[in-house]
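Below is one structure; the comments refer to it alone.
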Amino acid sequence: MPEYSFDTPEPVDLRIRNATGTVTVTAADVATSTVDVRPVEDSGGAGELAENTGVTFDRGRLTVEVPERRGWISGGKQRIAVTVTVPTGSSLITRSASAKVATTGRYAATTVHSASGQVSLDRTDGPVEVHVASGEIAIAAAGRATVHGASGAVRIDRATGDIDVDSVSGRIRIGVAEASVRAKVVSGAITVDEASSGEVVVSATSGRVSIGVRRGVTARLDLTSMTGRVRSELPVEDTAPAGGAPLDVRARTMSGDILVAAATSAATPA
């Protein structure tokens, strides 16, 4: 099966298109980028697809293009495994129909487009964009994070920039948010473990909302639920206390409880 290597002493711009199968990318302290393309199962013409995959490197851009044969992808017979290693700090864009996407290491920017499939991303210092119609999404760390999905759980462990998550159904969980958060779901719970500054604007048609506020932060709350219970465990003052980063929390649900409380020590950055 095809294997490729390129001299890449600097981070690269990696572009991958693989309709179905797996995309596995590792960013490491290397000066050579490698690409391995092979069928998940050597049947149904998958071997031919792997052999005919286009792999090019030009002016800092590494491109991997698995050819598509529409109408042949039944029973997973044409699933292709693409495995790539690039230098730390590279950027990544992937496009697929149903491929599982997983990254390890640190990236400058990451973008994933998929109709369905699991997405698991390691650390990205800059922006992360994920557009998945159906599938679970997990992001370990990001600068700015933008996630749009129809169904499936979304988890973002930490982000230094703004977070924007929009989903139809599925649980949304955000760990440590160092900037503003906007999260919206029709059916599903929303949890923000630790909010620290800017705005937290969340809404759920049907589902529970839970927001943790970092200790020392000055929060202003605007909470509304049509049929659920609304509760804040934060101390209330008539005037804003001196010091402390300002935080504006606005939460809405049609049917579902809302809870705002102090963030637990486990969510506080080390």
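Within region 234-258, track down each residue that is more than 18 Å from residue 206 (Cβ to Cβ) and either assigned to a strand (DSSP E or B) or at pLDDT 95 or above (or both).
Across region 234-258, the qualifying residues are 246, 247, 248, 249, 250.
Would you confirm whether or not region 3-24 contains a residue that is modelled with pLDDT under 90 and either surrounded by fewer than 19 Cβ atoms within 10 Å (Cβ to Cβ) or not hydroxyl-bearing (Ser, Thr, Tyr) (or both)?
yes
Right, residue 101: assigned to a strand (DSSP E or B) and touching an Asp or Glu at 6+ places or on another chain (Cβ under 8 Å) or not?
Criteria not met by residue 101.
Can you confirm whether residue 151 is surrounded by fewer than 18 Cβ atoms within 10 Å (Cβ to Cβ), farther than 15 Å from residue 250 by Cα and of a type in the set (S, T, N, Q)?
For residue 151, the condition - surrounded by fewer than 18 Cβ atoms within 10 Å (Cβ to Cβ), farther than 15 Å from residue 250 by Cα and of a type in the set (S, T, N, Q) - is met.
Suppose we filter 186, 181 for residues that are free of Cβ contacts under 8 Å to residues at least 60 places away in the same chain and within 21 Å of residue 264 (Cα to Cα); which single one remains?
Exactly one of 186, 181 is free of Cβ contacts under 8 Å to residues at least 60 places away in the same chain and within 21 Å of residue 264 (Cα to Cα), namely 181.
Can you list residue pairs whose Cβ atoms sit under 6 Å apart, with the first residue in region 45-67 being in contact (Cβ under 8 Å) with a residue 40 or more places away in the chain and the second being of a type in the set (S, T, N, Q) and surrounded by fewer than 14 Cβ atoms within 10 Å (Cβ to Cβ)? Count only pairs 6 or more apart in sequence or on different chains.
From region 45-67, the pairs are 63/56.
Mind listing whichever residues of region 37-54 are at pLDDT 90 or above and surrounded by 18 or more Cβ atoms within 10 Å (Cβ to Cβ)?
Once the filter is applied, which keeps residues that are at pLDDT 90 or above and surrounded by 18 or more Cβ atoms within 10 Å (Cβ to Cβ), region 37-54 yields 37, 38, 39, 53.
Which numbered condition in (1) part of a loop (DSSP other than H, G, I, E, B); (2) closer than 24 Å to residue 25 by Cα; (3) not aliphatic (A, V, I, L, M) is the only one that residue 216 fails?
Tallying (1) part of a loop (DSSP other than H, G, I, E, B); (2) closer than 24 Å to residue 25 by Cα; (3) not aliphatic (A, V, I, L, M), residue 216 fails exactly one: (2).
Taking residue 108 and the conditions (1) outside the structural domain of residue 255 (by TED's automatic domain parsing); (2) free of Cβ contacts under 8 Å to residues at least 24 places away in the same chain; (3) not charged (D, E, K, R), which numbered condition does it fall short on, given that it satisfies the others?
All conditions are met except number (2).
Does residue 140 satisfy the condition of being crowded, with 20+ Cβ neighbours inside 10 Å, out of contact with any Gly (no Cβ under 8 Å at 6 or more places or on another chain) and in the same structural domain as residue 263 (by TED's automatic domain parsing)?
Answer is no for this residue.
Of the residues 233, 237, 194, only one is of a type in the set (Asp, Glu) and out of contact with any strand residue (DSSP E or B) (no Cβ under 8 Å at 6 or more places or on another chain); which?
Exactly one residue qualifies, and that residue is 237.
The values are calculated or read from the model by the stated rules, or taken from the named source; none is laboratory data. Given the structure is predicted, the values throughout are model-derived calculations rather than measurements. Cβ atoms come from the backbone with ideal geometry, glycine included; neighbour counts cover every protein chain shown.
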